[in-house]
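Throughout, read-outs are computed from the coordinates displayed, never taken from laboratory work. Values in this document were obtained by computation on a predicted structure and should not be read as measured data. FYI the Cβ positions are ideal-geometry reconstructions off the backbone, even for glycines, and counts take in every protein chain you see.
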Amino acid sequence: MSKLPFTSAEQNKYKIIIPAYEPDERLLTFIKELKNTLSSEVIIIDDGSGPEYEYIFKTLSNDYDCIVLKHYVNMGKGRALKDAFNYCLNTYPDMTGCVTADSDGQHTPFDIFKCMQELYNNPDRLILGCRDFSTDGVPNKSKYGNRITTFVVKLFCGMKISDTQTGLRAIPRAFMSKVLTTPGERFEYEMNMLIDCKYECPIKEVSIETIYESKDNHRTHFDPIRDSYRIYKIFGKMFLHYTISSLSSCVVDLLFFSMFCSAFKSLIPIYYVTIATVLARIISASYNYLINYKLVFHSNDGYVKTGTKYFTLALVQMTLSAFLVTVLNILIPVIPETGIKVVVDVCLFFISYYVQREFIFKKIK
């Protein structure tokens, strides 16, 4: 239920943060409209724009009473946001939260107000101002880029977010403190912030106006190759860790299997293969569990709880593998058993990743 009224005194407990790199006159127009709409203090970060843009930041400071923080050289949007968060947390002890916005004219003062009020009504959530990419006028690279990123975030993180790259966000004070240590210095920082939300801060989306200027007038410092690489590298790194953990577990399994075969072959000539297989699998599964717990999923749930679920999954996965390979070998005899096993185990590999991420190694808030 809404808390009313959202007075000017309440608005002053929320700071508006705008990183800016080589802005034009549109930023001045935007800030003028913003000041006429909201009473919140505005913090601008000059991210190393250079002397030729000095007049804009001086105007913002002298004529519009903005706080201007300055980077001597360009350090990236992520670093600009973190420096602004740190400044606000140190300077405003009564601050409730902040709203971040872009300097390129894609956000309106009314939408900033909407996100701020939504945070006022939901003080424990991260509020995302989300655009509608199905409307006319949205550039194809933005439309399809968002679709791809949305799909990747859902696939690798299990999070459904309609606008993963929005810069309009209302952030509660507690979460501002948390994301000071979130990795990323440039555009990838905002994606890492969303990933941190999964177990730290629920997300609430707010519909905002979708604004894209003509191709000739629209300016962006987002490099589609370099910055996309930084963003997608986040998800590649997550899955790579899982893959390395699984492959190294296979190596451990083979090494111990060979060692146990040598040790038990003369002692138990009939059952040594079975014994070696079971012992090696116990050791490799324990190794895989610990690596996934600590390094892949960074779980903080109890060992007994996660361990019980993990070894249950391992047993189910092994049973499914044997069953499916046997059935498919009967149904499709033209394909070698090894080929069938590879396909089945690869499918189970991806399913296992999802189950471990969502049900076994979930972090406890």
- Note on the structure: As straight-line cross-link partners of Lys233, the qualifying aspartates and glutamates (C-alpha separation under 19 Å, not fewer than 8 residues apart within one chain) are Asp163, Glu185, Glu188, Glu190, Asp196, Asp223
- FRET E, pair Ser248, Glu185, Förster distance 25 Å, beta-carbon r, rounded to 0.05: 0.25
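What relative contact order, as a whole-number percentage, does the range 1-110 give when Cα pairs under 8 Å and 6 or more residues apart are counted? Walk me through the numbers on the way to the answer.
Details: 163 pairs, mean separation 42.7, N = 110.
Relative CO of the range 1-110 lands at 39 percent.
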- Ala322-Asp124 FRET efficiency (beta carbon distance; Förster radius 41 Å; 0.05 resolution): 0.30
- Message: For the pair Ser258/Asp345, report the inter-label distance in nm, with labels modelled 7 Å from Cα in the Cβ direction.
- Response: 1.6 nm
- Neighbour net charge for Ile208 - beta-carbon separation under 14 angstrom, K R +1, D E -1: -3
- Of the range 67-106, those with amide N under 13 Å from the point 7 Å along the Cα→Cβ vector of Ser61 are 67-72
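Normalising by the residue count of the chain, find the relative contact order in percent from Cα pairs under 8 Å and 6+ residues apart. Before the final figure, lay out each step's value.
Values: 481 pairs, mean separation 51.7, N = 365.
Relative contact order of the chain: 14 percent.
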- Message: Can you say what percent of the DSSP beta bridges in the chain, counting only those with both residues inside, are antiparallel? Round to 5.
- Response: 25 percent
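Using helices alone, what [θ] at 222 nm do you get for the chain, with -39,500 (n - 2.57) per DSSP H run of 4 or more residues, divided over all residues and rounded to the nearest 500?
Using -39500 (n - 2.57) per qualifying helix, the result is -18000 deg cm²/dmol.
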- J(HN,Hα) series, the range 73-80, from Karplus relation 6.51 cos²θ - 1.76 cosθ + 1.60, nearest Hz, glycine and proline x: 10, 5, 10, x, 5, x, 5, 4
- Most fluctuating residue of Asp46, Asp63, Asp132 in a GNM of the chain with Cα springs under 10 Å: which is it? Asp63
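Expressed in nm to one decimal, what extension gain is obtained for the pair Lys204 and Ile282 from 0.36 nm per residue of sequence separation less their Cα-Cα distance?
Details: separation 78, 0.36 × 78 = 28.08 nm, distance 4.30 nm.
Residue separation times 0.36 nm, minus the Cα-Cα distance, leaves 23.8 nm.
Quick one: of Lys77/Lys160; Lys77/Lys154; Lys178/Lys198; Lys154/Lys178, which pairs are farther than 20 Å apart, Cα to Cα? Numbers along the way, then the final one.
Details: Lys77/Lys160 24 Å; Lys77/Lys154 24 Å; Lys178/Lys198 13 Å; Lys154/Lys178 23 Å.
Checking Cα-Cα distances, Lys77/Lys160; Lys77/Lys154; Lys154/Lys178 exceed 20 Å.
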- Message: Could you compute the net charge surrounding Val42? Neighbours are other residues with a C-beta less than 10 Å from the C-beta of Val42; K and R count +1, D and E count -1.
- Response: 0
- Message: Straight-line reach only, C-alpha to C-alpha below 17 angstrom: list the lysines that Lys58 could link to, leaving out same-chain residues fewer than 8 apart.
- Response: Lys32, Lys35, Lys70
- Message: Please list, in order along the range 112-118, the HN-Hα scalar couplings obtained from phi with the Karplus expression 6.51 cos²θ - 1.76 cosθ + 1.60 (θ = phi - 60°), rounded to whole Hz, x for Gly and Pro.
- Response: 4, 4, 4, 5, 5, 5, 5
- Pseudo-spin-label distance His241 to Lys294, built 7 Å along Cα→Cβ, given in nm, is 1.3 nm
- Task: List, in order, the whole-Hz ³J(HN,Hα) value for each residue of the range 181-189 obtained from phi through the Karplus relation with A = 6.51, B = -1.76, C = 1.60 and θ = phi - 60°; use x for Gly and Pro.
- Result: 9, 5, x, x, 10, 10, 5, 5, 4
